[in-house]
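Beneath this line is the structure, given in structure tokens, with notes to follow.
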Amino acid sequence: MSTIQVDKTIDARGMACPGPLMNLIGAIRQGQVGQVFEVLSSDEGSKTDIPAWVAKAKHELVEFVQDSGYAHFIVRKAR
Amino acid sequence: MEEQERPLSLVLFSGTDDKLTAASVLAVGAAAMGRPVNIFLQYYALDAFRAGRLHEDHKLSPEATGEQAPIVRAHPGQHWSDLLHQAKDVGEVDIQACALSMDMFHLKREDLDGLVDGIEGVAAFIASAAEGQVVFI
């Protein structure tokens, strides 16, 4: 993984769809523009849902990394 | 999400926990993606929204086999009522009780959980569905 400064990590591993996405939405709503959020998710649905929501809500998916058994999503709040 | 999206309108007829959960997942997803969601509660689904009874065991649909039922019950997803609270929190979600079903089961507004926003007739529901899809569950 690259060395992006993460402001908040959301460990949603073990949560069922759409839990990880909903936790990300909640964190982004409370955060400041420019802040970077990391979501850890073992839910397969997150791989399609998080990029779809980030694009729709006009934030930025900075990085996606598949680890063993779970994925990291790095999202910057853009507005 | 600035432009107005077409609403997604769900008619909830079945009152079993599996169908209520599946419907609530659709609702929270649509709400998160910026679509207004209208939910119309009829028959057995309306009964599941009675005050103080949301967390009762509402059983599973008849299509759940003896082998599947314990798997569904053991799945650690969120309760459907929590998903609906999240849907209302992130988006525009309006939950209305069908006036006919209210009458059928002799229910009054105060008999329903606070998740329910009001009571309406079918024409009002169809009007709010407008150009969006209507899904019957």
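The values are calculated or read from the model by the stated rules, or taken from the named source; none is laboratory data. Just so it is clear, the model here is predicted, and its values are computed rather than measured. No Cβ is skipped: glycine too gets one built from the backbone with ideal geometry, and neighbour counts run over all protein chains shown.
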Go through the stretch A:23-38 and give me each residue that's within 14 Å of chain B (Cβ to nearest Cβ) and of a type in the set (A, V, I, L, M). A:L24, A:I25, A:A27, A:I28
Enumeration of residues in the stretch B:123-137 that are in contact (Cβ under 8 Å) with a residue 40 or more places away in the chain and not in a loop (DSSP other than H, G, I, E, B): B:F125, B:S128, B:A129, B:V134, B:V135, B:F136
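Go through the residues of the stretch B:64-72 one by one and say whether even a single one is assigned to a strand (DSSP E or B) and either within 12 Å of chain A (Cβ to nearest Cβ) or under 21 Å from B:F136 (Cα atoms) (or both).
no
Here is a yes/no grid of residues against (1) surrounded by fewer than 18 Cβ atoms within 10 Å (Cβ to Cβ); (2) in a loop (DSSP other than H, G, I, E, B); (3) within 14 Å of chain A (Cβ to nearest Cβ); (4) touching a helix residue (DSSP H, G or I) at 6+ places or on another chain (Cβ under 6 Å):
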residue: B:V28; (1), (2), (3), (4): no, no, yes, yes
residue: B:Y44; (1), (2), (3), (4): no, no, no, no
residue: B:E56; (1), (2), (3), (4): yes, yes, no, no
residue: B:S61; (1), (2), (3), (4): yes, yes, no, yes
Can you confirm whether B:G15 is within 14 Å of the chain's Cα centre (by Cα) and within 14 Å of chain A (Cβ to nearest Cβ)? no
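Which of the residues spanning the stretch B:87-116 are within 14 Å of chain A (Cβ to nearest Cβ) and either among the small types (G, A, S) or part of a strand (DSSP E or B) (or both)? Break it down into steps so the answer makes sense when it comes.
Narrowing the stretch B:87-116 to residues within 14 Å of chain A (Cβ to nearest Cβ): B:87-91, B:93.
Matches in the stretch B:87-116: B:A87, B:G91, B:V93.
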Restricting attention to the stretch A:14-53, which residues are buried (at least 21 other Cβ atoms within 10 Å of the Cβ) and free of Cβ contacts under 8 Å to residues at least 12 places away in the same chain? A:M22
B:G77 passes all but one of the listed conditions (1) farther than 26 Å from B:L107 by Cβ; (2) at pLDDT 95 or above; (3) within 14 Å of chain A (Cβ to nearest Cβ); the exception is number (2)
Kindly indicate which of B:I119, B:I39 is in a strand (DSSP E or B), over 24 Å from A:T48 (Cα atoms), more than 14 Å from every other protein chain (Cβ to nearest Cβ) and in contact with a Ser or Thr (Cβ under 9 Å, 6 or more places away or on another chain). B:I39
